[in-house]
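Structure first, commentary second.
What follows draws every value from the coordinates through simple rules; no lab data is involved. Because the structure is a prediction, the values reported are computed rather than measured. Please note: Cβ atoms are built from the backbone with ideal geometry, for glycine as well, and neighbour counts cover all protein chains shown.
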Amino acid sequence: MPALLLVYSEPGSAVPLEEFNDWYDNDHVPLCIPIPSFHSWSRWVAADDKKPAHLALYDVDSPDAVNDIPYASFTPRDHAILSQLALVDRRTYTLHEPVHPRAAYSSLAPGPLLSSVEMDIPAEQVAEFDRWCDEEHVPLVAKIPEWVRTRRFVFADASPVLGTDEGLTQSLRQGKEGPQRFLTLHEWESAAALGTEEYEAAIAAWGALKFTGLATRFEQRLFKLHRAWGRE
């Protein structure tokens, strides 16, 4: 089943940002590129001043891809960097199809701006939520000129939240509930999308879910593309 590996991270004070990016861009992600079950590799940085500020996304064959070698086998530099990071939060999600892309979309060239929405929906409302997203909400979002692609995911599993920043790690452990069950990712050509009437209408629709009590633990984030990779 198509899936997504999502990794939030925060370097903290012990790992300089330049070293963090060098490790991620030149050591860690390149190790993932040859893995047959991995199909895209991208890194993002927060554009909303929230933490965690760093996000990595990998399209994979299934949630079990995190156990594939070499992803599951850390190098000495991995161990050295990871042990000092303020936060590492790895999650896997299954893809809720269909995917809604703009024509001629390439997953190796994602939209340079990414907005994410995480939420919980009561079990008895999930079918209606899916219908609303696919038949009403996504068509509304797709009218925005800067829109590139929308994908929806359902939480599958998560590794323990690790890191040296206890306050940040505790905030993401979220007690026994774990991460929100539903994740939506919208890609955009530019931040110009955020000021359009169509965007405001779409956001108002998300807000209505929250304020009517249908959606709980509702969180929105905004990221800009740091780098994407492809197989040579």
- Item | Amide hydrogen neighbours beyond the local backbone of Val161, cut-off 5 Å, H modeled | none
- Message: Given contacts defined as C-alpha pairs under 8 Å and at least six residues apart, what's the relative contact order of the range 3-229, whole-number percent?
- Response: 30 percent
- Tilt relative to the chain, helix 197-211 - C-alpha long axis, 0 to 90 degrees, to 10: 80 degrees
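Ranked highest first by average number of other Cβ atoms within 10 Å, how do 106-115, 87-96, 29-38 line up? It would help to have the intermediate numbers written out before the result.
Working: 106-115: 18.3, 87-96: 20.3, 29-38: 15.5.
Ranking the peptides 106-115, 87-96, 29-38 by packing returns 87-96, 106-115, 29-38.
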- Item | Computed helical MRE - 222 nm, the chain, DSSP H runs ≥ 4 contributing -39500 (n - 2.57), nearest 500 | -6000 deg cm²/dmol
- Query: How big is the charge dipole of the chain about its Cα centre, in debye rounded to the nearest 20, if each Lys and Arg gets +1 on its Cβ and each Asp and Glu gets -1 on its Cβ?
  - Reply: 80 debye
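Among 65-78, 180-193, what's the highest-first ranking by average C-beta atoms within 10 angstrom per residue? List each step's numbers first, then the result.
Details: 65-78: 13.4, 180-193: 19.1.
The most tightly packed comes first, giving 180-193, 65-78.
Sort Ser40, Ser9, Ser62 so the one with the fewest other Cβ atoms within 10 Å of its own Cβ comes first. Walk me through the numbers on the way to the answer.
Numbers: Ser40 19, Ser9 24, Ser62 16.
Least to most surrounded, the residues fall as Ser62, Ser40, Ser9.
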